[in-house]
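Working notes, beginning with the structure itself.
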Amino acid sequence: MDRYHQGSLAIQERVGVRALAEHVGRSIGPGIRDVAAAFLALQPHLVVGAADGAGRLWASLLTGPPGFVRATGPDRIAVRGGLPDGDPLAGALAADGTRVGTIALDPRTRRRMRLNGTLAVTPGGFAVAAEEVFSNCPKYLQKRQPLELVAEGPGTVRRSAALTPDQGRAVRAADTFFIATTAEAGGTDASHRGGMPGFVEVLSPTELRWPDYPGNAMFLTLGNLALDERAGLLFPDWEGGGLLQLSGRARTEFGADGGRGVRFRVEAVVQSLHPGRLRWSAPEYSPANPALPASPAGPAGPALPGSPHRGSTTR
């Protein structure tokens, strides 16, 4: 089994972790173990990354009662329900053959699991035939406890081509986001990024930058970006239930000191709040989060619509 494509291999070689990556990569396979199946059955969220009909990458969040995602075989999961109207991936998750990357992350336990594969539409939802399944360490995951569902009412969706000032402040205040990337034959992947509030810089309404913290040495995300710059970002408003989704292009920057960062150019923005989203408590920050070199933008910035107040990573 070829665990890595040429993009990931090139990054591993450049950083000098090829042997470690080969060792860690042995955990990647198509099989869903019993412990992974049990973990999935407890989750109220599933992040899904895919390309829309125009080829733009997005990351979206599905929500349901525990059991709405479950393993139905050794290499297959089933998902009940779908995305609300207005989500940029609603159409992609209703089309057979869509390549998807998924990540189930449990803020209660700092555990996460990734599963990538090909989608098939089913009555009342969809299934994913797994091609890659693996778990990740708890680095950079903030701990949270579930509170309540967003109250019933009409959903709201706002679209733009750049961040508004309030959206920019929400990004600066974020301690977590998800990123969807792809590499054509290598499929689509969804991953997590976490850190202290302020770890994502807003350079302008159309440009972001964040550091690439040490992870598990596989470099799946950066490897994908080396071959295909398309990316989709998802910033959840954990306390309010809203979502901020960005689609654009990203590239890795290597510093002379050996540090790495990713620069992202925004091409499309979708901000939404839908009833039924789960609200979570304020975070207990991961002890693995690096301190920021400058005064961070604190968590007091405006939240996404619907938030009553405001107070994670593999590669």
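Here, each number is a calculation from the coordinates, and none is a lab measurement. Bear in mind that the values here come from a model prediction, so they are computed numbers and not experimental data. Quick reminder, even Gly has a Cβ in these numbers, built from the backbone with ideal geometry, and neighbours come from all protein chains shown.
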Exercise. Name the residues whose placed amide hydrogens come within less than 5 Å of the amide hydrogen of G29, ignoring near sequence neighbours (fewer than 5 apart) on the same chain.
Key: V133
Self-check item: Inter-label distance, nm, simple model (7 Å from Cα along the C-beta direction), L42/A162
Solution: 4.6
Practice problem: May I ask you to order 60-69, 175-184, 11-20 by the average number of other C-beta atoms within 10 Å around their residues, highest value first? | Solution: 175-184, 60-69, 11-20
Quiz item: Using all Cα-Cα distances in the range 186-248, what percent lands in each 10 angstrom bin from 0 up to the longest?
Solution: 15, 51, 31, 3
Quiz prompt | Sequence ranges 84-91, 30-37, 225-232, ranked by mean other-Cβ count within 10 angstrom, highest first | solution = 225-232, 84-91, 30-37
Quiz prompt | Additional length obtainable on full extension of the chain from D96 to R263, 0.36 nm per residue less Cα span | solution = 56.9 nm
Quiz item: When the chain is fully extended, how far beyond the present Cα-Cα distance does Q145 get from E253, taking 0.36 nm per residue of separation?
Solution: 35.4 nm
Quiz prompt | Whole-Hz ³J(HN,Hα) from phi, Karplus 6.51 cos²θ - 1.76 cosθ + 1.60, for the range 129-141, glycine and proline x | solution = 7, 6, 10, 9, 9, 6, 9, 10, 6, x, 4, 6, 8
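How would you rank Y4, Y285, going from fewest to most other Cβ atoms within 10 Å of each one's own Cβ?
So the residues, fewest neighbours to most, are Y285, Y4.
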Quiz item: Nearest 0.05, what FRET efficiency do D228 and E131 give at R0 = 22 Å with Cβ-Cβ as r?
Solution: 0.80
Quiz item: Residue-wise, which Karplus ³J(HN,Hα) couplings in Hz belong to the range 195-212, taking 6.51 cos²θ - 1.76 cosθ + 1.60, θ = phi - 60°, and x for glycine or proline?
Solution: x, 6, x, x, 5, 9, 8, 9, 7, 6, x, 10, 8, 10, 8, 9, x, 9
Exercise. Among the GluC sites (Glu not before Pro) in the range 126-183, which ones are in a DSSP loop with at most 15 other Cβ atoms within 10 Å of the Cβ? Mind listing them?
Key: E152
Self-check item: 3J(HN,Hα) from dihedral phi, the range 253-266, Karplus parametrisation 6.51/-1.76/1.60, rounded to Hz, x for glycine, proline
Solution: 10, 10, x, 5, 8, x, x, 10, x, 10, 10, 10, 9, 6
Quiz item: To the nearest Å, what is the center-to-center distance of the range 4-44 and the range 87-118, using C-alpha atoms only?
Solution: 16
Quiz item: What label, among (1) 22.0; (2) 19.3; (3) 23.3, belongs to Kirkwood radius over Cα pairs in Å computed from the structure on display?
Solution: (2)
Quiz prompt | Sum of -39500 (n - 2.57) over DSSP H runs of 4+, divided by residues of the chain (222 nm, nearest 500) | solution = -3500 deg cm²/dmol
Self-check item: Estimated distance in nm for a label pair at L292 and S27, the labels positioned 7 Å out from Cα along Cα-to-Cβ
Solution: 2.9
